[in-house]
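The values are calculated or read from the model by the stated rules, or taken from the named source; none is laboratory data. All values derive from a computational prediction rather than experimental measurement. Neighbour counts are summed over all protein chains in view; Cβ atoms, including those assigned to glycine, are modelled from backbone coordinates with ideal geometry.
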Amino acid sequence: MPSPIGHAIGAVAAALPAAGRESPVRWRAMVWLAAFGMAPDLDLLFGRHSMETHSVGAAVIAAALAAWCRLPVAATRARVFVATLLAWLSHPLFDALGTDTSEPIGVMLLWPFSSEHVAFVPVFDAVSRRYWLPGFVERTMLAIARELVILAPLLLASWWWTGRRGSALRRGQS
Ligand SMILES: [Zn+2]
């Protein structure tokens, strides 16, 4: 599974075009989207890691709450819903694309429809939480570097595309 940094970058990259440039404050929107991208791992606190929070069902619930509270992520409720849904969903998808070393392998992606764990081809290195093992810092740094190489271009593309569409919209209005 990717690190929290990888999840934050991936969530913003996935959700920014849906939030749109006309979102209230783009930086604040990005912080919220990054938080949504990292939030599923809060399940570590209650011992159900990679289960219900890592699923389509949890993403829909979280996005519905965000839309209901009108989180300052996008200009309309519908956009808040779609953007936070994508941000949350990016987390289990990236986890399913990560090297997993602990059983059960993968995440409960399709909950509540299925409790089966799903894993795809590993693209990201495993980020271990066993900080006491030798080589922990080196391995974590390498894994994060790999995530940055894969995800930073996606974030830049997403930022560029959102900006371009925003200026096209403004040109259309004037
Ligand atoms: Zn996770």
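Miscellaneous remarks
- Total residues in region 107-157, condition closer than 15 Å to Ser90 by Cα and in contact with a Pro (Cβ under 6 Å, 6 or more places away or on another chain): 4
- Of all residues in region 72-85 being at pLDDT 95 or above and aliphatic (A, V, I, L, M), the one that is surrounded by the most Cβ atoms within 10 Å (Cβ to Cβ): Ala83
- If you filter region 13-51 down to residues that are crowded, with 21+ Cβ neighbours inside 10 Å and closer than 18 Å to Trp111 by Cβ, you find that the one that is nearest to the chain's Cα centre (by Cα) is Phe36.
- Per this entry, Pro153 is not counted among residues that are free of Cβ contacts under 8 Å to residues at least 60 places away in the same chain, closer than 22 Å to His49 by Cβ and not acidic (Asp, Glu).
- Checking each residue in region 26-46 for being away from the ligand (no atom under 14 Å from the Cβ) and either of a type outside the set (A, V, I, L, M, F, W, C) or not in a helix (DSSP H, G or I) (or both) picks out Arg26, Arg28.
- Test: Val60 is modelled with pLDDT of 95 or more and more than 16 Å from the ligand (Cβ to nearest atom): yes
- Count of residues meeting criterion [crowded, with 23+ Cβ neighbours inside 10 Å and away from the ligand (no atom under 15 Å from the Cβ)] in region 86-114: 1
- Qualifying positions in region 108-132 - at pLDDT 95 or above and of a type in the set (A, V, I, L, M): Met108, Leu109, Leu110
- Close pairs (7 angstrom Cβ cut-off, 6 or more residues apart or separate chains): within 16 Å of Phe81 (Cα to Cα) in region 13-40, aromatic (Phe, Trp, Tyr) and at pLDDT below 95 anywhere: Leu16/Trp159; Pro17/Trp161
- With respect to the conditions (1) at pLDDT 95 or above; (2) away from the ligand (no atom under 12 Å from the Cβ); (3) crowded, with 16+ Cβ neighbours inside 10 Å, His54 lacks only one, and its number is (2).
- Counted residues, region 94-107 - those being without any contact (Cβ under 8 Å) to a residue 24 or more places away in the chain and either among the polar types (S, T, N, Q) or part of a helix (DSSP H, G or I) (or both): 1
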